[in-house]
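Report on the structure given below.
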Amino acid sequence: MQARSQRTRQRLVHAGAEMFNRNGYANATLGQIAGAAGMTKGALYFHFSSKDGLADAVQERGRAMLRGFIRERREAGVPPVQMLIDMTHWLARTLYDDPVIRAGFRITNECTGRQPPVTDFNQDWITEVLRLLGQAREAGALRPRAAGDGPATLLAATVCGIGVLAGTGMPYPQLSDRVAALWEPLLSALVPSDDVANYRSRPPVPAASTPAAVVGGESPSRPVGAGSHGRQAAA
């Protein structure tokens, strides 16, 4: 019984993500969401007392997906800078094929100032970026001049750019190429020049924690260089 209830809740979260992403937070109705999930509004209210509660559940699902990806990469021994690269590729992949992540960003952007505050997927992302940058700095992996708020601001802007590119509807392989191209100047700004070749700008293979790691016949990642970080992260 509990497992069935959990599956029902997951269906509602997925349907909510679809409708929030398609229609926006304000225009998505509980009736639409229940219909998309193949349920009645009464069944929806059994699990969520309001649209706000469902929106928060969508955000929480996105947060769990992000943290699950980071945990897998950490357990694989991926160093912080490579994890930052892999996070942006994970974002590109999930923005392309998972409505939960797309809806997460849209809900956050459309509900700024809501009381009580909406769960903020943007802030979750920035928190992870700051943590990884701090770890990279402690490990001596960043350039001495890559200090202060500059790197975090640069990476936050990169996330916004990935979202804009994903919203154009370009095919995922092209989006992945664009993200990889972004990292060529970013790495030069973040890490010592002698270390740039140690990092892989392409997504890991297989892409951990993504729903469709090989959709579209993706080819294996091509490392920027033959350094140890790139080889380790691709393991």
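The values are calculated or read from the model by the stated rules, or taken from the named source; none is laboratory data. Being a predicted model, the structure only gives us computed values, none of them experimental. Here the Cβ is made from the backbone with ideal geometry for all residues, glycine too, and neighbour counts use every protein chain on show. Ligands, DNA and RNA are excluded from the accessible area calculation, which covers all protein heavy atoms including side chains. Shrake-Rupley method; radii C 1.70, N 1.55, O 1.52, S 1.80 Å.
Some values worked out for this structure:
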item	result
Residue within the stretch 114-126 that is closer than 30 Å to S193 by Cβ and of a type in the set (A, V, I, L, M, F, W, C) present	yes
First in the stretch 165-183 and closer than 11 Å to L95 by Cβ and open to solvent by less than 70 Å² (accessible area, probe 1.4 Å), second anywhere and assigned to a helix (DSSP H, G or I) and among the polar types (S, T, N, Q), Cβ under 6 Å, 6 or more apart	V179/T88
Pair list, Cβ under 9 Å, 6 or more apart: the stretch 1-21 residue within 22 Å of R102 (Cβ to Cβ), other residue of a type in the set (D, E)	V13/E60; A17/D98; F20/E110
Residue among G62, G68, G31 that alone is small (G, A, S) and more than 24 Å from L91 (Cβ to Cβ)	G31
Count of the stretch 1-16 residues which are within 18 Å of I107 (Cβ to Cβ) and hydrophobic (A, V, I, L, M, F, W, C)	3
Subset of the stretch 58-76 that is under 29 Å from A28 (Cα atoms) and of a type in the set (K, R) - its residue that is surrounded by the most Cβ atoms within 10 Å (Cβ to Cβ)	R61
For G31: the one exception among (1) small (G, A, S); (2) part of a loop (DSSP other than H, G, I, E, B); (3) exposed (fewer than 14 other Cβ atoms within 10 Å of the Cβ)	(2)
